[in-house]
Structure formats: structure tokens, C-alpha cells
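Undergrad: Structure incoming, see below.
Derivation of every value follows stated rules applied to the coordinates shown; laboratory data play no part. It should be emphasised that the depicted structure is a prediction, and the values quoted were computed from it without experimental measurement. All Cβ positions, even for glycine, are placed from backbone atoms using ideal geometry, and neighbour counts span all protein chains on display.
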Amino acid sequence: MNLAAGLLLQTHPIPAPSTPQIVVVAVVYFTVCGGIATWAARRTRTSDDFFVAGPGIGLWTMTLAAMAATLSGFIFIGGPGLLYSVGIGALFISLSASITTPLSAWALARRMRLLREVRQVVTVPDAVGARYRSRAAQGVCAVAILIATLGYVATNLLALGLVLEAIFSVTLGAGVLIGAAIVLGYSATGGIMAGVYTDVFQGTIKAVASVLVFVVVLRSGGGLGNISRTILAQDPGFLAPWGKLTPLAALSFFLLFGLGTLGQPHVISKYYMLKDPGQLRWYPLLMTGVLLLTLLLFFGIGLGVKAGVLSGAMAPLRHPDDATPAFLLQRTPPWLAAIVFSGIAAAVMGTVNAFLSVAAAAVTHDLPVALGRPVANELLVGRLSTVAIGVLATALALKSGVLVALLGIFGWGLFASTLVPSLALGLNWPGATRAGAIASMSVGLAVTLVFETLNWMKVYSFPAGVTASGLALVLSLLTFFFVSWLTRDSAAADLDADVRMVMEA
Amino acid sequence: MIAGSALVMAATMALGALRSGVRTGPVALMAGFVLIVIAAGFGAPVLLPAETVNSPLILGLPLRVAIEVFGVGVLPALVLPLSFAVAFRADGLDDGSLAELRRRATELRARVEAGPDHR
């Protein structure tokens, strides 16, 4: 499997942590989330409320919602497991976190927010359509997003089932169904409005719990220096500059997860939502801060468990993904373990909600607009689409493990290769053309689907460190520039005057 | 690959900042900072010798990993968001300016509607 995409999937059962404390905290946690979602659902009266949180949200709300959408359950389970398994090389996934938000803010924030002001855009494909004056570009973008999000929703529902299976000692199928019912309940009624406000609660808990867990890691390991010396003495390769990865693989992680952030529709669409665009000034500072605080759990548990196992203080793990559950159950107070376990479920639910919103918008808004048949009642159709996509994803998660995993690995490459050139660069370069954008998105779509499928079927595999997602991103960038250059005479005609004004504002 | 990653990230940031009306000098400083941090942060560990169990630690980490974690992972978090806050232009983002922007956009669109249809 393509490591860059495959590591985002959670398919390994989590050790059962089901204790009365964990069950009670989980029930309280979900009840609070349910209460917030119900409150938000009552405020959802229009399609704007449903897709872009209506009249807008404040800076802190946007920051925490963006953080919750960015950091899925992977940061709590798969990330520490990967770090435990391959060493420092795994950190290259998150090392770019200190650069990506300022990068995204410079490239996208102001222009997307102003585009919302002058065109009333509600989705990311809307912005692509407006930029290139093209319904076809909007349609291709929507198709790519729909394919990617369907896989992401299905894989995240499967992950949610695994978490709920562990917390409540139910079967995996029941876990998937319970999780899907909860997320669909608040997503279909409250849309992104419910998601944003539950994300504020969940994001705060995630950041605070991560800092507390990191403190426990340091105390139980005798400090970071002691942890490092324990590892250096027995497994020095773990603390080598690339860990146990090749330099190419580690650097591919850095570039893909750094530049690819510019193409994550569930995160960048939050720029539409900020009520006062002047507050964008402080967004990178706040977002980078909460991202780094929350990533402490990823870093701390990965190193702490490795040192604990090497020193004999912890039993060897059956599977790398057991790192977080094992540490929480063996080394942290029960109340903290309970909060983190609930936080993992909440993190997955927040991600599912964000993706459902993006996918429902593609079905309800972007594809009909691209076909020239806009929907009259977008709120109603949006709710129905959310349910339909959720039910389809649930069925995929329950019935077809192989297909779910295949769909899941399309996600990252599709987002990055279709949106980074056409949107992040296109909104900053008047020389980009409609033909360049459509060709670039088509190449990104085709290369990702073909090579990920061939890789999955073991027909063709790239050399170690080369990923289909990375290749798709590079080829779509080259196509974007080359075709835009070939069709440069049409650049001015492909850019409406009001959109040009936004790009220059 | 190190140079390529550094160049792509720095160039994208420079493009976005320049298009946002930031002057060339501050943009060059920010892009240069990103370029140097990534190139040096990933390049220096390649050139340095491997640590042993008795090697000195930097804030609890072996030198080469410390350069990556604190140099690439933490240092930009102290510099780039503050640079953004300082260089960010808030003009044109108040309610009055936004209303004017909407009015001008409506005027421009009215002219466009007389042109070729969307494809």
C-alpha cells in the first residue's frame, strides 16, 4: 500500500480499554457533543448556514474547527504507532505544521474570504469555477472531491467503529452503526454549523489532553533526555535524522503533507466562515500554536513508548498502533485515559462531519451548477445528500473492507493534485488558464486513480519512498504550468474582472 | 529533494505574500527564512556525524534530531506567524471597504454578463 496514504487508515483493532470510568466519560462526552450539535442545528435555517456556518464565526471558533478538521484520529493512534515503528522519520508528516498555516494564509485566506464576499461562494469548487469562469472546472473539481471524500468518510467510519468497539465492548459492526448514526444525526440536521461548534469543544479537549499526556510521558520517562538516552543505547537508528525511513520517503512526507495542506477542502473552506476578515492577521499564530500543542501527544507517546518498551518498563506491543492505548492504560490516570479515548472518537467524528459537509456540497451545489441545473432548495437536498452519502459510506465500511481501503487511499492524492495547482496557485497567478486548470485536475485525478489502483492490486509498485500521491501532485503542477503557457492567450479572457479585483485586493 | 522542498515552499509563500501586497523586502526575508530553515534543517543532519549514547543532547534530543525538530518544527512557528501578523494588510477588510468591494464587483459583473457565456 502507498505509505503516504495508507498510514491515514485505521484498520487495526484497538486494545479494549473498556472500564466503567472510560464508558462514563465517553457517555458524558458524547452527550455534551450532542447538546452542542442540537443547539447548533436549531440555528441552521438556510443552505448558507448548512455549508458555511451562515453569518460567520469568530477567530477562535474558526481556529479550533480548522485544527479539529486537520488532525483526525490518526494523530492519536496511527501517528504515535508509526513513530514507535519507524522512528523520527514519522515526524516528517507533522514537521511542516509550523510552516503550513502561514503558507496557506498567504496563498489562500484573503482571496478566498473576499471571493466569498463578492461571489457568495459556499464551496471550494465554487471558488475554482469562479476563478476560471468555468462550470467544467467546477465540475471536475467536484468529482475529484466526491471520490476522495466518499473514501475518507467510509474509512473514518470504520475507524470510528473500531474505537467504539474498544470503548463500549460492542461488535465492530455495531460500533460502525452507532458511530454513523451519531455523526449523521448531527451532520444532517446541523450541517457544518453543528460540526464547527462541536469541533470547538472537541478541539479544546484534544489540545489540553495532548499537553497533559505529554507531561505524563516526560514524568514517566524521567525527562526527554533520559528517554533519548534509553533509545540511543539500544536502537540508535530510531533517532537517526530519517529514523528507519529512507531520506526520500521522509522528505516526501514533508513535501506532501506540507504543500498538500493547501488542497484540503474541509480545512481551507473554513476561510469562508470568518465573520471579520481583519482577524485573519492572528489566525496563523493561533492555529500554529494549537496544532503544535496537540501534536505533542503524537511526538510524546511515540518516543515515550519506545523508551518504555526498550527499558522493560512496558511490555512489547503486539502492533505499533497499540502504542497510544497501551500507554494510556498503563501510564496515565484513568480520568485522563478516558478523556483521550473519548477524544479519539470525537476526532474521528469531527473529521467525518467535515468530509460529509464537503461531499454533500459537491452533490447538492457543485455538480448541479456544473451541469447548469442548480438545485432550488439546497438546504433540504443538502440534508438528504448528507444522509445518502453517509448511508453509502456506512454500507461500504460494513460490507467491503478491501474497497474501503482502496477508496481511502485516493483521498490525500486527489485533494493535493486537484486543488493545489488550480486553486492555491491559480488564485495567485493571473496567467493561469481554464485549460491549464482542467488539464491539471484531470491529470491529478487520472494519475492518482490509476497508480493507486495498480499499486493496491500489486500490479505495479513505485521504488521505496516514491508515492502515487507525490507523483500526481508533481505531474498536475507541471501540467498546470505547461498547458497554461500553451494557452496563455486566453488567460485574460478566463478571468472575470471582479475575480481579478479580488486577486489584486 | 531537500532543495526542491525548500524552494517549492518558499516560492509558494513568496507568491502568496507578493500577491497580498506585501513589499518585496519583507517577502524576500520570509521566503529566505523558509528556504534556509528547510535546507539547513534537513541538510545539516546529513553532514553531521551519528551520535552515541554519551553525545551531548540539545533540549533532550540528539543534535541531528534536535536540528530537525526545533529548527524546522518549532523555530518557524515563532517567526512566520508573527511575520504574517506584522506584514498583513488589514486595509480593505473593514465593513465599509467590503461594501465598496461588493458594489464594484456587482458593477463589473454587470459588464461581464454582456460577454461570452461560461463554458
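Undergrad: Just check the range A:277-326 against the gyration tensor rule for me: Cα atoms, a ≥ b ≥ c as the square roots of the eigenvalues, rounded for a/c under 1.5, and otherwise prolate or oblate depending on whether a/b exceeds b/c.
TA: Verdict is prolate for the range A:277-326.
Undergrad: Rank the residues A:Tyr197, A:Tyr29 as a footprinting-exposure proxy: fewest other Cβ atoms within 10 Å of their Cβ go first.
TA: Result, fewest neighbours first: A:Tyr29, A:Tyr197.
Undergrad: Mind checking the dipole of the range A:435-505: about its Cα centre, +1 per Lys or Arg Cβ, -1 per Asp or Glu Cβ, Debye to the nearest 20? Kindly include the intermediate steps, with their values, before the conclusion.
TA: Numbers: 3 positive and 6 negative charges, 78 e Å.
So the dipole magnitude of the range A:435-505 works out to roughly 380 debye.
Undergrad: Follow-up. At a 10 angstrom cut-off on C-beta neighbours, averaged per residue, how do the peptides A:99-112, A:33-46, A:282-295, A:223-236 rank from highest to lowest?
TA: Sorting A:99-112, A:33-46, A:282-295, A:223-236 by mean packing, highest first, produces A:99-112, A:282-295, A:223-236, A:33-46.
Undergrad: Using alpha carbons only, how many degrees (0 to 90, rounded to 10) separate the axis of helix A:224-234 from the longest principal axis of chain A?
TA: That helix lies at roughly 70 degrees to the long axis.
Undergrad: Among the lysines, which have Cα under 20 Å from the Cα of A:Lys206 when same-chain residues fewer than 8 positions away are ignored?
TA: A:Lys270
Undergrad: Under 4 °C and 1.567 mPa s, how fast does chain B diffuse according to Stokes-Einstein, given a Kirkwood radius computed over C-alpha pairs? Answer in µm²/s, whole number. Each step should come with its number before you reach the end.
TA: Values: Rh = 17.9 Å.
The Stokes-Einstein estimate is 72 µm²/s.
Undergrad: A further question follows. Relative to the longest principal Cα axis of chain A, at what angle does helix A:59-70 sit, 0 to 90 degrees, rounded to 10?
TA: 70
Undergrad: How large are Rg and Dmax for the range A:115-266 when only the alpha carbon atoms are used, in Å?
TA: In Å, with Rg to one decimal and Dmax whole: 21.5, 61.
Undergrad: Right, here's the next one. For a bin width of 10 Å, list the pair-distance distribution of the protein assembly as shown built from all Cα-Cα distances, rounded to whole %.
TA: Percent of pairs per bin, in order: 3, 17, 29, 28, 16, 5, 1, 0.
Undergrad: Per residue, how much space in cubic angstrom lies within the convex hull of the C-alpha atoms of the range A:453-505?
TA: Per residue, the Cα convex hull of the range A:453-505 comes to 136 Å³.
Undergrad: Now a separate question. To test your reading of the geometry: what angle, between 0 and 90 degrees and rounded to tens, separates the Cα axis of helix A:135-168 from the longest principal axis of chain A?
TA: Approximately 20 degrees, to the nearest ten.
Undergrad: May I ask which residue of A:Phe238, A:Ala416, A:Pro334 lies farthest towards the positive end of the charge dipole of chain A, with charges of +1 (Lys, Arg) and -1 (Asp, Glu) on Cβ and the Cα centre as origin?
TA: Ranked along the dipole, the leading option is A:Pro334.
Undergrad: Provide the packing ranking of A:144-156, A:166-178, A:74-86, i.e. peptides ordered by the mean count of other C-beta atoms within 10 Å per residue, highest first.
TA: Details: A:144-156: 27.7, A:166-178: 17.8, A:74-86: 25.8.
Taking the mean over residues of other Cβ atoms within 10 Å, the ranking is A:144-156, A:74-86, A:166-178.
Undergrad: Pulled fully out, how much extra length does the chain show between A:Ser490 and A:Leu248, if you take 0.36 nm times their separation in residues and subtract their Cα-Cα distance?
TA: Working: separation 242, 0.36 × 242 = 87.12 nm, distance 3.83 nm.
Fully extending the segment from A:Ser490 to A:Leu248 adds 83.3 nm.
Undergrad: Using a 10 Å cut-off around each Cβ of peptide B:14-22, what is the average number of partner chain Cβ atoms that fall inside? Provide the component values of the computation, followed by the final result.
TA: Working: counts 2, 7, 15, 6, 2, 11, 10, 3, 1.
Whole-number average of other-chain Cβ neighbours for B:14-22 is 6.
Undergrad: A follow-up question, please. Quick check on the exposure proxy: order A:Tyr132, A:Tyr460 from fewest to most C-beta atoms within 10 angstrom.
TA: On the way: A:Tyr132 28, A:Tyr460 11.
Fewest to most other Cβ atoms nearby, the residues stand as A:Tyr460, A:Tyr132.
Undergrad: Report the FRET efficiency, 1/(1 + (r/R0)^6), for A:Ser169 and A:Gln21, where r is their Cβ-Cβ distance and R0 is 22 Å, rounded to 0.05.
TA: According to the calculation, E is roughly 0.95.
Undergrad: Please state the shape class of the range A:77-184: rounded when a/c is under 1.5, otherwise prolate if a/b exceeds b/c and oblate if not, all from the C-alpha gyration tensor.
TA: Details: a/c = 2.77, a/b = 1.49, b/c = 1.86.
Oblate, since a/c reaches 1.5 and b/c is not below a/b.
Undergrad: Kirkwood Rh over Cα pairs of the range A:318-461 into Stokes-Einstein at 37 °C, 0.692 mPa s: D in µm²/s?
TA: Values: Rh = 18.7 Å.
Roughly 175 µm²/s, to the nearest whole number.
Undergrad: Same structure again: Between the range B:1-16 and the range A:52-104, what is the separation of their alpha carbon centroids in Å?
TA: 20
Undergrad: Let me confirm one metric for peptide A:227-237, namely the mean number of other chain beta-carbon atoms within 10 Å of its residues' beta-carbons.
TA: Numbers: counts 2, 11, 6, 1, 2, 8, 3, 1, 0, 6, 1.
Per residue, the number of nearby Cβ atoms from other chains is 4 on average.
Undergrad: When we measure straight from the Cα of A:Lys275, which lysines land under 21 angstrom away, once same-chain ones fewer than 8 places off are left out?
TA: Counting by Cα, and skipping residues close in sequence, A:Lys275 has no lysines nearby.
Undergrad: Count, for each residue of B:46-53, the Cβ atoms from other chains sitting within 10 Å of its Cβ, then give me the mean as a whole number.
TA: Values: counts 3, 0, 1, 0, 6, 5, 3, 8.
Mean inter-chain Cβ contacts per residue within 10 Å come to 3.
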